[in-house]
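**Student:** Starting off with a structure, shown below.
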Amino acid sequence: MAADHTRAPVLQALVDYRRRGRLSFTPPGHKQARGADPAVREVLGDAVFLGDVLATGGLDDRLTRGQVLERAEELMADAVHAEHTFFTTCGSSLSVKAAMLSVAGPHEKLLIGRDAHKSVVSGLVLSGIEPVWVEPRWDAERHLAHPPAAEDFARAFAAHPDAKGALVTSPTPYGACADLRGIAEACHARRVPLIVDEAWGAHLPFHPDLPSWAMDAGADICVTSIHKMGSGLEQGSVFHVRGDLVPPQLLKNRSDLLGTTSPSVLIYAGLDGWRRQMALRGREIMGCALDLASEVRAAVEEIEGLHVNDRDDFCGAGMADDFDPLPTIIDVSGLGVTGYRAADWLREHREVEMHLVDHRRIGAQITHGDDRETTGELLAALKDLARVAPELRPSPEVDVPSPDELRLEQVALPRDAFFGPAEDVPVAEAAGRIAAEMITPYPPGIPAVLPGERLTEPVLRYLRTGLAAGMYLPDPGDPELETVRVVK
């Protein structure tokens, strides 16, 4: 029987909860906003508190006999061609860890693209999995990494036939996409699963002009952040599974190991509503977003000193296999300023927030939530940026290493280095030592240094010059990076 996508089980259960006037003597303690601080209620509105009920023993009964969550997950799976879907309220940072733990265990090998997000590295630290790093395809001209090729994964499997599976990030935060079908074939030739960290691809299933998405390309597990390119609330994430290489119950058990026992029904409702929105009108909605992004990209290209990275920049021999135009990555190097300085000026002087920021680019993420009014303000702000750029010079320069210099040698398991005896040393004495912490320019959150990697002078110089230029490094113990934590 065809799924009825007009239904939204979580939202409908919330309506029923209010209609019945249920009186709760359970958490949350604010008791449907009655106990919340008036000033908080004024800022957030009572709707937030009214939707904040227990998932079990509130939205559903104590034995979950209404199967509210299960029905919502089944509808999500149907909408995106998965066999099973699980909701999580701890973001894709949790989902990707659960996926990794479902495929490999302590001291077992997992092939991973080295352009992975810091949450993947956290998964390695927690699990003790041994990473076999697969090198991204590096654009030396633009100083940008694209996902590894399918052939790179095939070669890694040949060198490590005992690997339990593979993990690839696609799309990247820059919109570059991997050959997922080819990587899936390389995995399945060995009867091992492919995990796709598709955190930036919630929108991909809903329009034919967007890149192929993980489930349609043959992946076994797909992790998606609905809050990034979709309409979900922050931390709203799902993971999908299909095929017989990863038992769904095993994946659920691994998720339960890491997840909260107090999930947010508000986040569940956002996931449920997004699925209904896209199942009913996704093609129309995403078509409008693509048209709008095309207009924005053309208009930005007309602004002197700015260049929008397009398919010709990102795709081709030795580069990405496909391209998502919605992230709208703008190269500001023609203005003679860094992306950090450009983003700071836009926020301070034009109240415009950019997303991805690096030493030469800013990212203007266009979604179905934008319209010509919001993009008009963006374009006006960018024109102003180009006009005042001479006043922002000179920008501090970031010393970006060559691809060979950027790559560090993994000499210890991330878990062993992270939890083992460690000490803080001056950065001038850190080259040659083994890192005991992660150091990650954020966003996009791809670590430059992992626990267990041997530090080198070029990478340390990159991070120090980046920090001086405005790079954000949230993870090191010393935020000024005057010292680095290393294995004792």
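**Student:** Filter segment 155-171 down to the residues that are among the hydrophobic types (A, V, I, L, M, F, W, C) and crowded, with 19+ Cβ neighbours inside 10 Å, then identify the one that is farthest from residue 310 (Cα to Cα). Show your work before the answer.
**Tutor:** Narrowing segment 155-171 to residues among the hydrophobic types (A, V, I, L, M, F, W, C): 156-159, 163, 166-168.
Restricting the remaining residues to those that are crowded, with 19+ Cβ neighbours inside 10 Å gives 156-157, 163, 166-168.
Details: 156: 30, 157: 32, 163: 35, 166: 28, 167: 26, 168: 22 Å.
Applying the filter and picking the extreme gives 163.
**Student:** Separate question: Of the numbered conditions (1) of a type outside the set (A, V, I, L, M, F, W, C); (2) more than 18 Å from residue 406 (Cβ to Cβ); (3) buried (at least 22 other Cβ atoms within 10 Å of the Cβ), residue 466 fails exactly one; give the number of that condition.
**Tutor:** Going through the list (1) of a type outside the set (A, V, I, L, M, F, W, C); (2) more than 18 Å from residue 406 (Cβ to Cβ); (3) buried (at least 22 other Cβ atoms within 10 Å of the Cβ), residue 466 breaks only (2).
**Student:** Something else now. Within segment 130-148, is there a residue that is modelled with pLDDT of 95 or more, more than 30 Å from residue 338 (Cα to Cα) and not in a strand (DSSP E or B)?
**Tutor:** Scanning segment 130-148, I find no residue that is modelled with pLDDT of 95 or more, more than 30 Å from residue 338 (Cα to Cα) and not in a strand (DSSP E or B), so the answer is no.
**Student:** If I filter segment 443-488 down to residues being among the small types (Gly, Ala, Ser) and part of a loop (DSSP other than H, G, I, E, B), which single residue comes out as farthest from residue 126 (Cα to Cα)?
**Tutor:** For segment 443-488, the residue satisfying everything is 470.
**Student:** Please list, ordered by first then second residue, the pairs with beta carbon atoms under 7 Å, 6 or more apart or interchain, first in segment 378-394 and of a type in the set (D, E, K, R), second at pLDDT 95 or above.
**Tutor:** 383/303; 384/350; 393/336; 393/337
**Student:** From the set of residues in segment 7-50 that are among the basic types (Lys, Arg) and within 32 Å of the chain's Cα centre (by Cα), which is nearest to residue 79 (Cα to Cα)? Steps first, answer last, please.
**Tutor:** Going residue by residue through segment 7-50, those that are among the basic types (Lys, Arg) are 7, 18-20, 22, 31, 34, 41.
Narrowing further to those that are within 32 Å of the chain's Cα centre (by Cα): 7, 41.
Values: 7: 12, 41: 35 Å.
My answer is 7.
**Student:** Can you tell me which residues in segment 399-417 are of a type in the set (D, E, K, R) and within 24 Å of the chain's Cα centre (by Cα)?
**Tutor:** The answer is 407, 415.
**Student:** Considering only segment 307-319, I want to know if a residue exists there that is in contact (Cβ under 8 Å) with a residue 40 or more places away in the chain and touching a helix residue (DSSP H, G or I) at 6+ places or on another chain (Cβ under 8 Å).
**Tutor:** Within segment 307-319, not a single residue is in contact (Cβ under 8 Å) with a residue 40 or more places away in the chain and touching a helix residue (DSSP H, G or I) at 6+ places or on another chain (Cβ under 8 Å).
**Student:** Within segment 1-31, restricting attention to residues that are touching a helix residue (DSSP H, G or I) at 6+ places or on another chain (Cβ under 6 Å) and assigned to a loop (DSSP other than H, G, I, E, B), which residue is farthest from residue 263 (Cα to Cα)?
**Tutor:** The extreme case among them is 3.
Residue by residue, here is whether (1) under 30 Å from residue 125 (Cβ atoms); (2) not in a loop (DSSP other than H, G, I, E, B) holds:
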| position | (1), (2) |
| --- | --- |
| 345 | no, yes |
| 362 | no, yes |
| 378 | no, yes |
| 384 | no, yes |
| 387 | no, yes |
| 394 | no, no |
| 424 | yes, yes |
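**Student:** With the checklist (1) without any contact (Cβ under 8 Å) to a residue 40 or more places away in the chain; (2) assigned to a helix (DSSP H, G or I); (3) surrounded by 15 or more Cβ atoms within 10 Å (Cβ to Cβ) in hand, flag the one item residue 43 doesn't pass.
**Tutor:** (3)
**Student:** Among the residues of segment 162-169, is there at least one that is in contact (Cβ under 8 Å) with a residue 24 or more places away in the chain, in a loop (DSSP other than H, G, I, E, B), out of contact with any Ser or Thr (no Cβ under 8 Å at 6 or more places or on another chain) and of a type outside the set (D, E, K, R)?
**Tutor:** yes
Listed here are the residues, each with its yes/no results for (1) in contact (Cβ under 8 Å) with a residue 60 or more places away in the chain; (2) surrounded by fewer than 24 Cβ atoms within 10 Å (Cβ to Cβ).
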| position | (1), (2) |
| --- | --- |
| 102 | yes, no |
| 108 | no, yes |
| 111 | no, no |
| 124 | yes, no |
| 133 | yes, yes |
| 138 | yes, yes |
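**Student:** Could you tell me whether residue 289 is surrounded by fewer than 15 Cβ atoms within 10 Å (Cβ to Cβ) and under 19 Å from residue 363 (Cβ atoms)?
**Tutor:** No: the conditions fail for residue 289.
**Student:** Within segment 306-342, how many residues turn out to be among the hydroxyl-bearing types (Ser, Thr, Tyr), surrounded by 19 or more Cβ atoms within 10 Å (Cβ to Cβ) and more than 21 Å from the chain's Cα centre (by Cα)?
**Tutor:** Result for segment 306-342: 1.
**Student:** Six or more apart or on different chains, Cβ atoms under 9 Å: show the pairs whose first residue is in segment 282-300 and under 21 Å from residue 76 (Cα atoms) and whose second is loosely packed, with under 14 Cβ neighbours inside 10 Å.
**Tutor:** Listed pairs, sorted by first residue: 283/208; 286/209; 287/209.
The values are calculated or read from the model by the stated rules, or taken from the named source; none is laboratory data. Predicted model, so just to flag it, every value in this text is computed and none were measured. Every residue, glycine among them, receives a Cβ derived from its backbone with ideal geometry; neighbour counts consider all protein chains shown.
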